[in-house]
Amino acid sequence: MIKVLLVDDQSLIRQGLKALLELEPDLEIIGECENGQVAINLASTLQPDVILMDVRMPIMDGVAATEEIHQRFPEIKILVLTTFDDNEYVSAALQYGAMGYLLKDTPSEELAVAIRAVHKGYTQLGPGIVKKLLIQFPPTIQNPKPEPPTILAELTPREKDVLRLIATGASNREISQKLFISEGTVKNHVTSILNRLNLRDRTQAAIFVNSYLPHLEES
């Protein structure tokens, strides 16, 4: 069971999220609060597995709370869920330890999938978020392995398919559905891709693809 803490200054949003997520058999809402300061206190007492964190809130915003919680409780995964996709919020939240950034128009099924993925340590970014990161932070990945064409030649055709879909922000479930393979197989491919390309997470993988897309299409 994945224990989830909801942090949002609007009680109606919290109630709606709770009602939807409690329909998932493996998710348990163990608490909710209206600002980042209370979230820090509840993180200490409740020890959730995943925190759904809004960004704009009174007293303490979600970015500041994310930084504090990540420093004090690095084992707790934080998934930002907000209506704001401002570059400053996106970059700051990810820089300070958030494992994902989604907008509130994300369908409930996709949100549940993202919570599970973040719980397992995978980065989850909503549509358009990767592009914002690319615009704000042009790729500077330092990789001791060979030049991109040689590196990409090491990937299998299926791994290249998975890599292309990662760049679109697709979740493991979406990739499995599009490629007609199991989620477990997708996870294995993702792990292999990150190891082969010496990348830390899916965000770096997405940036890599957008940097070397012509090579990927040619290989």
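Less than 5 angstrom separates the built amide H of Glu32 from those of Leu6, all sequence-distant by 5 or more or on a different chain. Helix-only arithmetic for the chain: the sum of -39500 (n - 2.57) across DSSP H runs with n ≥ 4, divided by the residue total, places the mean residue ellipticity at 222 nm at -16500 deg cm²/dmol.
Using the Cβ-Cβ distance between Thr191 and Glu75 with R0 = 22 Å, the FRET efficiency computed as 1/(1 + (r/R0)^6) comes to roughly 0.60.
The count of lysine pairs in the chain that are at least 8 places apart or cross chains, and whose C-alpha atoms lie under 13 Å apart, stands at 5.
Contact order for the chain, expressed relative to its length and based on alpha carbon pairs under 8 Å spaced 6+ residues apart, stands at 15 percent. Computed from phi, the 3J(HN,Hα) profile of segment 74-85 under the Karplus parametrisation 6.51, -1.76, 1.60 (θ = phi - 60°) reads x, 6, 7, 8, 10, 10, 6, 10, 8, 8, 9, 10 Hz, with x in place of Gly and Pro. The residues of the chain have, on average, 48 Å² of accessible surface per residue, using a 1.4 Å probe with all protein chains present. Between 0 and 90 degrees, the angle of helix 183-197 with respect to the longest Cα principal axis of the chain falls at about 60 degrees. Using a 1.4 Å probe over the heavy atoms of the protein chains, calculate the carbon and sulfur portion of the accessible area of segment 19-62 as a whole percent. Reported share for carbon and sulfur atoms: 54 percent. Taking the longest Cα principal axis of the chain as reference, the axis of helix 108-119 is set at about 80 degrees.
Phi angles of segment 56-73 translate, via the Karplus equation with coefficients 6.51, -1.76, 1.60 and θ = phi - 60°, into HN-Hα couplings of 8, 8, x, 6, 8, 7, x, 5, 5, 5, 4, 4, 5, 5, 5, 5, 7, 9 Hz per residue; Gly and Pro are given as x.
Only one residue of Leu23, Asn41, Ile59 has its Cα farthest out toward the positive end of the dipole of segment 1-124, where Lys and Arg carry +1 and Asp and Glu -1 on Cβ, and that residue is Asn41.
For segment 1-126, the alpha-carbon coordinates run over 32, 30, 29 Å along the three principal axes, in decreasing order.
For the chain, pairs of C-alpha atoms spaced more than 26 angstrom apart make up 36 percent of the total.
Ordered from largest to smallest accessible area (heavy atoms of protein chains, 1.4 Å probe), the residues Tyr96, Tyr101 come out as Tyr96, Tyr101. Seen through its C-alpha gyration tensor, with square-root eigenvalues sorted a ≥ b ≥ c, segment 71-114 comes out oblate because a/c lies at 1.5 or above while a/b is not bigger than b/c.
When only Cα pairs below 8 angstrom with a gap of at least 6 residues are kept, segment 1-75 shows a relative contact order of 36 percent. When +1 charges are put on Lys and Arg Cβ atoms and -1 charges on Asp and Glu Cβ atoms, the dipole computed for the chain relative to its Cα centre reaches about 600 debye.
Of the residues Leu23, Leu52, Leu94, ranked by 1.4 Å probe accessible area with the largest first, the sequence reads Leu23, Leu94, Leu52.
Extending 7 Å from Cα along the Cβ direction at Asp26 and again at Thr83 yields two label points whose distance is 3.2 nm. Summing Cβ point charges (Lys, Arg +1; Asp, Glu -1) relative to the Cα centre of segment 1-67 gives a dipole of roughly 100 debye.
Axis angle, to the nearest 10 degrees, between helix 36-46 and the longest C-alpha principal axis of the chain: 90 degrees.
If R0 is 35 Å, the Cβ-Cβ spacing of Ala153 and Leu103 corresponds to a FRET efficiency of close to 0.45.
Restricting segment 22-120 to GluC sites (Glu not before Pro) that sit in a DSSP loop and have at most 16 other Cβ atoms within 10 Å of their own Cβ leaves Glu22, Glu75.
For segment 165-210 and segment 12-42, what is the centre-to-centre distance using only Cα atoms, to the nearest Å? What the calculation gives is 28 Å, centre to centre. In the chain, a dipole from Cβ-located charges (positive for Lys and Arg, negative for Asp and Glu) runs towards its positive end, and of Leu111, Ser11, Gln177 it is Gln177 whose Cα lies farthest in that direction.
The values are calculated or read from the model by the stated rules, or taken from the named source; none is laboratory data. All figures in this text were calculated on a predicted structure; none of them were measured in a lab. Because the Cβ atoms are built from the backbone with ideal geometry, glycine has one as well, and the counts that use them run over all protein chains shown. With ligands, DNA and RNA removed, areas are computed over all heavy atoms of the protein, side chains included. Shrake-Rupley method; radii C 1.70, N 1.55, O 1.52, S 1.80 Å.
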